[in-house]
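Below is one structure, written out as structure tokens; the observations come after it.
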Amino acid sequence: MSHTVEILSVGTELLLGSIANLDAQILSQGLSELGLNVYWHTVVGDNPQRARDAVAIAKKRADVIITTGGLGPTCDDLTKNVLAEAFGKKLVYHEASAQRIKSYFARTGRVMTENNLQQAMLPEGCTVLENDWGTAPGCAFEAEGVHVVMLPGPPSECRPMFRYRAVPYLQCLSEGVIASHTLKLFGIGESQMEAQLREQMNAMHNPTLAPYAKEGECELRVTAKAASDEEAQALLQPTVEQVKALFGHKVYGVDVSSLEEVVLAGLREKGLTLGTAESITGGLMAKRLTDIPGASQVFRGGIVSYTNEVKQSVLGVPGDVLEQFGAVSAQTAAAMAEGARRVLGCGIALATTGVAGPDKDDRGNEVGTAFAAIAVQGETYVRPLNLGTRPMRQRLRTQAASHAFDLARRYLSGLPFEG
């Protein structure tokens, strides 16, 4: 039979927006890989009656309920009580879980208050899901034709608990495998991408194509369902290759996380180093690169040259270039990249300059006017950018940085800088 899953997240802090519901994302991704269909996400606060109502609804429409949160020691941790009541199960003291909780506090040198042992009260006859990443054990049981799995709320516990404890329990429910590949595109808008694929997407059933808009770029997810991973991959590959052929150089990777990740991998492969000179992006390129472990192997460093004085004194941008063309110009972007390559001693240097807003600059350049440049041995290339006039500084800076990374990606891949 085909199973329907509801994820029920418990916590008032989720409703208030104090924290993001990362658990639902973690679980949905993992359940999809198991071939289990998630039909509903529900969030309910720390209120017993509203939690009962949410469970009553979930029982009627789903045959797998997975809860996150509400398993802790405080009075607002009510998930087990509500689920046990809803399915007519008593909560009983689980001695092994109690000992694990006591050992956890002893091992970490913390004082354990008695209310922590409430976490050892579990539905009678359940499968205990041991928590090696925190104190609250999870549990699973089947009743009234419904499988119930309870997991702790903190993502640092929920993620490994799902992977190492819940997945083995749920695998017996899975029918087939759902597999997917994500193609990342840069240099094309979502509407244009969707227009080129609309007819094909509407006609597809297995595999399917789904477009997603990200910050300044696009994704296409190709998904297939089959009896085995091998069969699913055989369904996926022709569509993946077809999309790559359709969009050509705009596809910068399959199942990669970001442009900067692709750039760092290309640098390592070519044995080259990279440096940055940033004005409009204010250090964002360097941050995005150094957010990735191992960036120090190939990233030499970055210079934030926000003023003309720093552009001249540190990067060596000629004063007459700044005087004649201004800070926001192709000529200045080229000089910044060349200066960074010289100062930082790197094989490739990227530079960005532009107007982030909210107003025009002193030369009348509109918000969103920008330039990204790349300097390599014997060549400098500048890409003029019109990023839009809406005064959204972070969006403009993100796009400018991505355009610079795209230049590096193309160079490292032996591709033309445009097209």
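The values are calculated or read from the model by the stated rules, or taken from the named source; none is laboratory data. Predicted, not measured: the structure shown is a model, and the values here were computed from it. All Cβ positions, glycine included, derive from the backbone under ideal geometry; neighbour counts span all protein chains shown. SASA here: full protein model, heavy atoms, side chains in, ligands and nucleic acids out. Shrake-Rupley method; radii C 1.70, N 1.55, O 1.52, S 1.80 Å.
Assuming charge only on the beta carbon of Lys and Arg (+1) and of Asp and Glu (-1), the dipole of region 290-349 about its Cα centre is about 220 debye to the nearest 20.
Comparing Gln196, Val55, Ile374 along the charge dipole axis of the chain, the residue lying farthest to the positive side is Ile374, per the Cβ-charge model. Per-residue accessible area (protein heavy atoms, 1.4 Å probe) orders His94, His41 as His41, His94, starting from the largest. Of Tyr164, Leu220, Thr208, which is farthest towards the positive pole of region 156-226's charge dipole, taken about the Cα centre with +1 and -1 on the beta-carbons of Lys, Arg and Asp, Glu respectively? The one lying farthest along the dipole's positive direction is Tyr164. Comparing Gly88, Gly216, Gly275 in a Gaussian network model of the chain, where Cα atoms under 10 Å apart are tied by springs, the biggest mean-square fluctuation is seen for Gly88.
Show me 317-323, 284-290, 358-364, 176-182 ranked by packing, highest mean number of other Cβ atoms within 10 Å first. Intermediate results must be reported in sequence, preceding the final value.
Numbers: 317-323: 14.9, 284-290: 20.9, 358-364: 11.4, 176-182: 18.3.
The peptides rank, most packed first, as 284-290, 176-182, 317-323, 358-364.
Ratio of Rg to Rh for region 158-276, alpha carbon only, Kirkwood? Present the calculation step by step, with values, prior to reporting the outcome.
On the way: Rg = 17.2 Å, Rh = 16.4 Å.
When Rh is taken as the Kirkwood radius, the ratio is 1.05.
If you sort the three axes of the alpha carbon gyration tensor as a ≥ b ≥ c, you get a/c of 1.5 or more for region 243-284 and a/b no higher than b/c, which makes it oblate.
Compute a Gaussian network model of the chain, connecting alpha carbons closer than 10 Å, and tell me which residue from Thr273, Thr108, Thr135 fluctuates the most. Among Thr273, Thr108, Thr135, the largest mean-square fluctuation in the Gaussian network model of the chain belongs to Thr108.
The distance from the alpha carbon centre of region 344-419 to that of region 26-82 is 46 Å, rounded to a whole number.
Measuring only protein heavy atoms, the 1.4 Å probe finds Glu13 accessible over about 80 Å². Overall, the accessible surface of the chain at a probe of 1.4 angstrom is composed of carbon and sulfur to the extent of 50 percent. Dipole check for the chain: with +1 at the C-beta of Lys and Arg, -1 at the C-beta of Asp and Glu, and the Cα centre as origin, the magnitude is about 460 Debye.
By its C-alpha gyration tensor, with a ≥ b ≥ c as the square roots of the eigenvalues, how is region 193-333 shaped: rounded for a/c under 1.5, else prolate for a/b larger than b/c, else oblate? Here region 193-333 falls in the prolate category.
Each of the peptides 199-208, 239-248, 330-339 was scored by the mean count of other Cβ atoms within 10 Å over its residues; in descending order, highest first, they stand as 330-339, 239-248, 199-208. Overall size of region 310-351 from C-alpha positions, given as principal axis extents largest first: 29, 18, 11 Å.
Could you tell me how many degrees, from 0 to 90 and to the nearest 10, lie between the Cα long axis of helix 229-247 and the main elongation axis, the longest principal axis, of the Cα atoms of the chain? Between the helix axis and the principal axis of the chain, the angle is about 30 degrees.
How many angstrom lie between the C-alpha centres of region 213-228 and region 152-204? That distance is 7 Å. Taking max minus min of the alpha-carbon positions on each principal axis, region 109-221 gives extents of 61, 37, 19 Å, largest first. Each part reduced to its alpha carbon centroid, region 109-129 and region 313-327 end up 67 Å apart.
Probing with 1.4 Å while keeping every protein chain in the model, the per residue accessible area of region 267-321 equals 48 Å².
Computing Rg and the Kirkwood Rh from the Cα coordinates of the chain gives a ratio, Rg/Rh, of 1.08.
Whole number please: convex hull volume per residue of the Cα set in region 214-293, in Å³?
Working: hull volume 11.4 nm³, N = 80.
So the per-residue Cα hull volume is 143 Å³.
Taking a ≥ b ≥ c as the square roots of the Cα gyration tensor eigenvalues, with a/c under 1.5 meaning rounded and otherwise prolate when a/b beats b/c, else oblate, which class fits region 34-75?
Numbers: a/c = 2.73, a/b = 1.58, b/c = 1.74.
Taking the square roots of the gyration eigenvalues as a ≥ b ≥ c, region 34-75 is oblate.
Under a Gaussian network description of the chain, with springs only between Cα atoms under 10 Å, the residue in Lys250, Lys89, Lys60 that fluctuates furthest is Lys60.
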